[in-house]
Every structure is written in structure tokens, then in C-alpha cells.
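Beneath this line is the structure, given in C-alpha cells, with notes to follow.
The values are calculated or read from the model by the stated rules, or taken from the named source; none is laboratory data. Computed from a prediction, not measured in an experiment: that's the story for all the values here. Methodologically, a virtual Cβ is constructed for each residue, glycine included, from the backbone with ideal geometry; neighbour enumeration extends over all protein chains shown. We work out accessible area using only protein heavy atoms, side chains counted, and drop any ligands, DNA or RNA first. Shrake-Rupley method; radii C 1.70, N 1.55, O 1.52, S 1.80 Å.
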Amino acid sequence: MGGTVRQRTGDGEKGAPMDLRQLREYLVFAEELNYSLAAKRLFVSRPALAAHLAELEDELNCQLIDKHGGHATLTGAGKQFVDTARRLVSDWEAVIETYRHLSDNLITVKVAASNLPWIEAHLFAARRALQRSHPEKQLSIVIENGPLSTIEALADDENRIVIAGYKQESSVCPLPSPSADGFVVSRERILLFVTDRSPLFARETICTADLAGATLMVPPDIYPGYQRDSMAERFATRGASVSIATQGFADHFEYFSHDFGQTVGIVPTTLLPRFGIDQRPDLRVFSLVDMDIASDFYALFNRSFIATENGRLLFEEMRRATEALAGM
């Protein structure tokens, strides 16, 4: 019962709803069987106590108290209700105790749904670790749909954790950041692909210079990262002037369904089996013989979150879980 119970009798709704106070007053009265003594223990007036107990009887539509020869007694129902009232009071006090400390022990972390499996795997590993090391703590993971898997969402406090990929050899160091702190959770190799309409399709090996003049088409969610990490310049230093482009693909399925024609696509190795890229006879998936493309993926935490006790605890547990997963 949430402190009050909606009152209803055979004549419809009336009076004040039953509450925890009435139950406690009834239990004291059941011990004293005297209005004056019970009222004194409860620090209420005798008329107020009598009114409260009458309201309780009205709520239950049942007589709990009777008088014989000027002495108050409990009816059969009244005696039975003593156990019920004790149980209700005990249960509600347990609820109060639980939720009074819940704000200190409930860790709610909001993350964005993505095509990258590592954040979920590491979060669930961190939750198992928390249950072992801090059984009083509860980790609630809220998966948000929408464009929240960005550093901007983290900086705007719309998110607690994001996974951000940074290309190896990038001149941009993601840490430290004014809004985020984090650690590497995974490194993934990035492959390229062309269609059977590209002259590169039949090549036995492909080097960076072979891409000169090509357009590298990337999904929109990682396009800013390719710009940030100066990928076009990295190709240029290896003898290929390429352009980096994107279109308004709604998701990865739409991206891989695109008619690439003469353009070059990219595919993280994680997504190869998921979208059957390596099984399509119209595509040639390859790596460059003279240039490895790989991304280091960071779990970036909102700094205001890890400034809290629970946020720091989750940060440390997830980092330990990451190290444990890496050693498997």
C-alpha cells in the first residue's frame, strides 16, 4: 500500500482513505484496549483516535472494536485484523527502507543503440562484476534509440556512455577531453569493398595508389570520424588522392544495399557476417597491401557521471571487465 488505500464502501466513496497511521494506531489500541491509554501513547487526542479507528472500520466495512460493560474488546474480525495490520505495516516499512537507499545504490546508465556490440558486452560484464563485489548495487541499463551515440550527446549530458572509434595513427587524441574520460574496449580492422563494375574487382592485390581518384563512400554515422581523423590526407601521403563522401543512409542495411558502382565502400570486420558481405558474389572485399585501416574503439564516459560515487564505480568495474574480456 502506497501510504493510502482508496476508500470504498457499499454506499460508494466517502471519508478519508485508510493510511499507515490508522494501522499503527489500531495496533497500539489492540494492545491497550483503552482509548485514553492508546491516545496517550500515540500523542493524539482521544476523540481523534476514536474517529480514526471508526474510519478504519468504515473503510473495511467491518466492525473491529466492540464494547461490553464499558470495556473495549476486539471482535473476531478485529483479532484477525491485528495480524493483517502487522503484516501490512511491516511490508510497507520494508518498502520504505528499500527505496530510501535505492537512490544511493541504483546506477542508471543511458547508452545509445548501435551496431557495435562491445558496449553491451562490456556493460553486462560490468554488471556481473558489480553484483559480485557490491551486491547492494543495481545497474539499470537504458538503451536509447536515436542519434545519441556521439561525443556531442555525451557533452550535452544526453548520454552516459558512448562508443567512439578513432583511426589508428590519427593525429586526434580522444583523451583527455573536457567532457569525457574513457578507455579502449576494442580494436577492429576496417576492410574495403568494390562492386564487380569496378576495375579493381579482378585485381589480385590492391595497394593504396590503386585508389587514386576514387570516392570512398562511408555511412553517415562514421563520416564525421573519417573527416576528423584526416583519412583523405592519410591516403594522400601514400600516393592516392581520394574523396570521402556519404549519403543519407537510414541504417547499415540501407548502406550495404546501396549501388556503389565505381565507388569504394568500407566494412568493419564485425559487420561482415552480419550483413553477408563476404558471401556476395557481386562484391570484392579486400585490405590494402601497404596500408592497414583499423579503429580503436573507446568507451567514453560523461565526466559529470563518473564524478559521482556510482559513476566512478561503474567506470572502474567496466574497465576491469574490459581487461578481463581482452585476456580471454
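For the reader, a short list of remarks on this structure follows.
- Heavy atoms of Glu323: accessible area, 1.4 Å probe, square angstrom to 10: 120 Å²
- Percent of beta bridges antiparallel (DSSP, the chain, rounded to nearest 5): 70 percent
- The residues of the chain have, on average, 52 Å² of accessible surface per residue, using a 1.4 Å probe with all protein chains present.
- Positive-end residue of Ile65, Ala48, Gly265, charge dipole of the chain with Cβ unit charges: Ile65
- Here the chain is assigned +1 on the Cβ of each Lys and Arg and -1 on the Cβ of each Asp and Glu. Its dipole about the Cα centre then comes out at about 640 debye.
- Heavy-atom accessible area with a 1.4 Å probe sorts Arg86, Arg24, largest first, into Arg86, Arg24.
- Normalised by the number of residues in the stretch 182-328, the mean separation of alpha-carbon contacts (under 8 Å, six or more apart) gives a relative contact order of 40 percent.
- Modelled FRET efficiency - R0 30 Å, Arg41 with Gln80, Cβ distances, 0.05 increments: 0.85
- Accessible area in the full protein assembly, largest first, 1.4 Å probe, for Thr215, Thr237: Thr237, Thr215
- Averaging the sequence gap over all C-alpha pairs within less than 8 Å and six or more residues apart, then dividing by the number of residues, gives the chain a relative contact order of 18 percent.
- Taking N as the residue count of the chain, its C-alpha radius of gyration divided by 2.2 N^0.38 Å amounts to 1.67.
- Within straight-line cross-link reach of Lys67, lysines at Cα separation under 21 Å, skipping those fewer than 8 residues along the same chain: Lys40, Lys79
- In the assembled protein chains, His258 presents an accessible area of approximately 50 Å² (probe radius 1.4 Å).
- Net +/- balance of residues flanking Arg203 in space, Cβ distance below 10 Å, scoring K and R +1, D and E -1: -1
- Rounded accessible area of Ser241 (nearest 10 Å², 1.4 Å probe): 90 Å²
- The stretch between Phe124 and Thr205, if pulled fully straight at 0.36 nm per residue, gains 25.1 nm over its current Cα-Cα span.
- For the chain, calculated [θ]222 nm from helices alone, where every DSSP H run of n ≥ 4 adds -39500 (n - 2.57): -12000 deg cm²/dmol
- When the Cα positions of Gln279, Leu313, Met291 are compared along the charge dipole of the stretch 275-328, Leu313 comes out farthest toward the positive end, with charges on each C-beta of Lys, Arg, Asp and Glu.
- Dipole of the chain, positive end: most advanced residue of Ala85, Leu37, Thr246 [Cβ charges, Cα centre]: Leu37
- Label-point separation in nm, Gln138 to Thr237, each point 7 Å along Cα→Cβ: 5.1 nm
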